[in-house]
Structures are given as C-alpha cells and as structure tokens.
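First comes the structure, then the notes that go with it.
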Amino acid sequence: MKINLSIIKFKYLILLLILIFSFYRSPYIFLNSRFVAEEGSHHFLFAINNSFYSNLFYYDASAGYFNLVPNLLTWFSTLVPLEYAPYFTVYGSFLIILYLSYIALFRESDLFDTDNKKILGALLLFITPPFISEIWINSINSQIYLCLISILILFMKKLNKKQKIENHILLFISSVSGIYTCALVPLYVIKFYFNKNRYNFFNFLILIFSNLLQLGLILNSKLSNSLNNSVFTNDFNKDMLISFIYNIFLKPFFGRDLTHLIWVKISYINNNPFLWTTIFFSIFIIFAIFKFKEIVSFLKKNYTTWYLIFIFFIMAGVISIGSLNNQIGGRYAVIPGVIIILILTDILTKSKKSTLTVILSTMIFTSLITGAYEFRPNYRVNLINLNTNYLKFLDCLNCPEWKSEISRWRKDNTTLIGLWPYPKKRFSLKITKND
C-alpha cells in the first residue's frame with residue numbers, strides 16, 4: 001500500500017492548527033485551570049475523601065447515571081497540591097477532544113472514506129456552532145465528545161488488532177460515562193447482525209452491559225426519589241418544538257448570533273414562531289413525499305446516511321425525554337446538531353445533483369464560518385448583556401480564580417469555594433480522609 005507522505009503531513013498540520021486554535025479559544029483555562037460545577041462540588045469532593053476504588057464507583061444519584069471520566073480525572077487531581085488539582089480535569093478532557101479530531105483524520109472509515117472527507121470531518125467535529133463554550137474542556141461534558149468518538153467507531157473499517165482493542169476500551173469508557181453512547185446500542189446490534197465477527201460481538205456485549213448498568217442506576221435513583229425532579233417530566237408542547245427547530249436545525253449552520261437575528265426579524269414580521277415552525281415542517285414533509293423514491297434509492301446505496309439519520313432520531317429522543325427542565329438547547333443540542341451537519345455532509349459527498357450540491361456546500365461552508373466566528377465569543381458584544389455573556393465560560397471575567405480560592409480556604413476552611421460557571425456555583429471543601 002502506497003502512503004502519500006504529503007497528505008500525512010497535511011493531516012498533522014491540521015491537528016497542530018486545532019491545538020493552536022484550542023489555546024486561542026481559552027488561554028486562561030489552559031494556563032490557570034478550573035473546576036466546573038459538579039466536577040468540584042461532587043466528584044473532586046468525593047475523590048479527596050475516599051479511596052481510589054470507592055471513587056471509581058461513585059455516581060451522582062440526582063443525575064441518575066454513572067460517569068466514569070470525571071471519577072478518574074478528579075482522582076488524579078487528588079495526587080497533587082490543591083492549587084493544581086483542576087489541571088487534570090482540564091487537560092484530560094482536552095485529550096478526549098483532541099482524540100476525536102485525531103481518529104477523524106487517521107482512521108479508515110465508511111463515513112470519511114477519502115482524505116478530503118477526513119480533513120473536512122475533523123474540522124466539522126471541532127469548530128462548528130454546536131460545540132458551544134459550555135461543554136469546552138470539562139470532564140462532566142466529556143461524555144458528549146466520547147459519544148461522537150463512539151459514532152465514528154461505528155463506521156470504522158480495516159482495523160488492526162491494536163486499534164480494535166483500543167476501540168473496545170473507548171466504547172466501554174464512553175458507555176459508562178453517560179447515556180448518549182448507551183443509546184447507540186441498536187446501531188451496534190445491527191452492525192453485529194450483518195457482520196458477525198469477534199470484534200463486533202465484543203462491542204455488542206460492552207454496550208449491553210453498560211445499558212443494563214446505566215438503566216439499573218437510573219431506575220434505582222428514580223425509585224429512591226433521588227433523581228432530579230425534572231428528568232422524565234418534559235412537557236411536550238409547541239414551545240419545545242420551536243426550541244428544537246431553533247437549536248438543532250438552524251443554529252448548527254447559522255450559529256447563535258445569525259440565527260437569533262433571523263429569528264427576531266421573523267418574529268417582528270409575524271410574532272408567531274409556531275406558525276413558522278409549522279411552515280418549516282410542512283415544506284420538509286412535502287419535499288420528502290415528492291422525492292420519496294429518490295430518497296429510498298439513495299439510502300439503499302448509502303448505509304452511512306441512514307445510520308446517521310437513525311442516530312439523529314435516537315439522540316433527539318434521548319434529549320427530549322431526559323433533559324433537565326425541558327431544555328433542548330445548550331449542551332443537549334450538541335450531538336443532534338452535529339449529526340444533522342454530518343448527514344448533510346454525507347449527502348453532499350455522494351449526491352450527483354448540481355443544485356443540491358450547491359445548497360449543501362453553502363450550508364456546510366456557512367457552518368464552518370459561523371463556528372469559527374463564535375468559537376471564541378466576541379468580548380465587546382458579550383459585555384452588552386452579561387446574562388448571555390458566553391465568554392465567561394472561557395475567560396475569567398471577575399471569576400473565582402482557583403488558586404486564590406484555595407488560598408482563602410487555607411486561611412479559613414469554612415470559606416465556600418467558588419466554581420465555574422460563576423457566580424452561582426460554590427461548594428464547601430471538607431477533607432475528612434486520613435492520609
């Protein structure tokens with residue numbers, strides 16, 4: 001097999017640019033670190049007061065599911081002085097983000113089956129609008145990136161023995177670090193059904209095990225009344241449908257600022273978002289009816305597209321049922337939004353219709369441009385309204401600096417320690433474990 005060294009070098013250049021652009025997004029976090037919400041108040045607090053084995057099996061009953069990654073990373077955080085503890089969650093979480101880009105670039109797959117698609121895929125899975133500041137390099141939300149890694153694993157091919165073992169480990173860590181990857185089990189069952197081999201069988205077993213584990217924990221939390229009251233109680237109304245269209249069909253391509261501007265203009269013309277949502281769906285359904293035969297024919301030839309569509313509906317169902325406080329936006333919209341982008345990209349690379357190619361190319365290009373623009377929110381724009389100041393997820397704008405918080409705590413250990421997102425998150429650091 002002939003290897004094109006220039007392409008390999010270019011891929012590593014893309015990876016280097018991703019590293020540089022990551023630092024550009026949040027230099028403060030990389031240089032100073034921080035804990036985000038439950039990273040500090042739940043996982044780190046438990047880790048510092050318990051043994052490695054106890055911490056390994058810790059789970060937050062109010063969330064209901066097991067999340068292994070913050071358990072592991074916060075345990076490593078306990079091995080260093082308190083002042084440096086969050087560096088492990090920051091850099092550990094960043095490695096997961098970087099690995100997603102790496103496998104998109106360097107693994108053989110049916111989804112990204114050419115070098116050009118690999119490069120495009122790595123960019124789409126890093127810089128597009130769904131990857132909001134809220135989920136940036138924190139272990140609580142690493143489950144989102146791990147799920148995307150598990151989706152890429154689903155499409156991989158020509159794997160050597162080492163890569164197969166690596167995928168088994170990644171799939172296990174992903175599925176015991178949240179419910180997103182667990183929800184992929186139907187796809188892995190289908191893959192095993194059509195490709196009965198040892199590799200697919202082990203992937204199937206891993207997901208069956210993790211589903212039983214996670215569902216058991218969720219059921220236990222529900223029966224013991226520990227589960228957050230807003231989980232499984234979503235009110236499926238027209239506002240939720242409007243939010244779904246806004247966050248999952250529009251923002252992934254036009255970003256928050258442009259989508260919000262268009263939305264405001266439409267509301268000004270006719271202050272009835274539900275009407276516009278109905279029109280949107282009606283056009284889509286009419287198009288699907290007229291193009292039904294073509295759509296079916298296309299899907300028969302391209303299993304990757306219908307797999308992605310299946311994944312979209314699964315993830316849409318998960319967030320609709322399991323999100324907190326009826327939310328569809330924010331971190332809940334990330335995976336469905338990314339899958340929509342991947343579906344259109346997959347159709348774009350396989351479509352032979354010039355008009356469709358122009359439309360889809362424009363949408364993908366717009367997604368990359370708006371994602372790059374919003375990757376680090378504009379400081380001046382965000383200062384206009386501090387309630388929607390998304391830069392506060394990346395920069396320290398009168399934030400609780402971790403080392404300063406620990407310095408105050410050492411002088412008075414009854415002092416509450418501030419966490420991100422500030423200013424609401426604080427916790428009491430009580431160390432009872434005997435060294």
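The values are calculated or read from the model by the stated rules, or taken from the named source; none is laboratory data. On a predicted model such as this, the values are computed, not experimentally measured, just so you know. When we count neighbours, we look across all protein chains shown, and the Cβ atoms used for this are built from the backbone with ideal geometry, even at glycine.
Here are some notes:
- Qualifying residue in segment 90-107 (condition: of a type in the set (S, T, N, Q) and farther than 26 Å from Gly329 by Cα): no
- When segment 323-342 is filtered for residues that are surrounded by fewer than 19 Cβ atoms within 10 Å (Cβ to Cβ) and under 24 Å from Leu187 (Cβ atoms), only Arg331 remains.
- Tally, over segment 415-435, of residues that are β-branched (Val, Ile, Thr), farther than 16 Å from Ser33 by Cβ and either assigned by TED's automatic domain parsing to the domain that holds Phe46 or modelled with pLDDT of 90 or more (or both): 1
- From the list Ser101, Ser133, the lone residue that is out of contact with any strand residue (DSSP E or B) (no Cβ under 9 Å at 6 or more places or on another chain) and either modelled with pLDDT under 95 or not assigned by TED's automatic domain parsing to the domain that holds Asn32 (or both) is Ser133.
- Which numbered condition Phe76 fails, given (1) hydrophobic (A, V, I, L, M, F, W, C); (2) part of a helix (DSSP H, G or I); (3) over 23 Å from Ser177 (Cα atoms): (3)
- Restricting attention to segment 350-361 and to residues that are surrounded by fewer than 18 Cβ atoms within 10 Å (Cβ to Cβ) and touching a helix residue (DSSP H, G or I) at 6+ places or on another chain (Cβ under 8 Å), the residue that is nearest to Leu125 (Cα to Cα) turns out to be Ser361.
- Segment 312-347 - residue that is among the small types (Gly, Ala, Ser) and over 22 Å from Ser133 (Cβ atoms) and, of those, modelled with the lowest pLDDT: Gly322
- Count - residues of segment 23-69 that are of a type in the set (S, T, N, Q), closer than 16 Å to Ser93 by Cα and crowded, with 19+ Cβ neighbours inside 10 Å: 3
- Checked against (1) crowded, with 20+ Cβ neighbours inside 10 Å; (2) more than 19 Å from Met315 (Cβ to Cβ), Thr114 meets all criteria but (1).
- Applying the condition of being among the basic types (Lys, Arg), within 25 Å of Ile135 (Cβ to Cβ) and in a loop (DSSP other than H, G, I, E, B) to segment 405-435 and asking which residue is nearest to the chain's Cα centre (by Cα) yields Lys425.
- Glu166 vs. criteria without any contact (Cβ under 8 Å) to a residue 12 or more places away in the chain, in a helix (DSSP H, G or I) and surrounded by fewer than 18 Cβ atoms within 10 Å (Cβ to Cβ): yes
- Scanning segment 366-391 for residues that are outside any helix (DSSP H, G or I) and out of contact with any Leu (no Cβ under 9 Å at 6 or more places or on another chain), we see that the one that is modelled with the lowest pLDDT is Asn385.
- Unique match (being surrounded by 13 or more Cβ atoms within 10 Å (Cβ to Cβ), at pLDDT below 85, over 24 Å from Pro130 (Cβ atoms) and among the hydroxyl-bearing types (Ser, Thr, Tyr)) among Thr278, Thr259: Thr278
- Filter result for Thr355 (in contact with a Phe, Trp or Tyr (Cβ under 7 Å, 6 or more places away or on another chain) and either in the same structural domain as Gly64 (by TED's automatic domain parsing) or part of a helix (DSSP H, G or I) (or both)): no
One line per residue, one yes/no per condition, for (1) in contact with a Lys or Arg (Cβ under 6 Å, 6 or more places away or on another chain); (2) free of Cβ contacts under 8 Å to residues at least 24 places away in the same chain; (3) not in a helix (DSSP H, G or I); (4) not assigned by TED's automatic domain parsing to the domain that holds Val36:
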residue	(1), (2), (3), (4)
Leu152	no, no, no, no
Lys162	no, yes, no, no
Tyr199	yes, no, no, no
Ile206	no, no, no, no
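- Hey, Tyr246 among the hydroxyl-bearing types (Ser, Thr, Tyr), assigned by TED's automatic domain parsing to the domain that holds Leu261 and within 30 Å of Leu258 (Cα to Cα) or not: yes
- Residues satisfying the criterion are absent from segment 114-125 (criterion: more than 19 Å from Phe46 (Cα to Cα), touching a residue at least 60 places away in the same chain (Cβ under 8 Å), part of a loop (DSSP other than H, G, I, E, B) and of a type in the set (Asp, Glu)).
- Hey, Ala37 on the phi > 0 side of the Ramachandran plot, touching a residue at least 60 places away in the same chain (Cβ under 8 Å), in contact with a helix residue (DSSP H, G or I) (Cβ under 8 Å, 6 or more places away or on another chain) and not acidic (Asp, Glu) or not: yes
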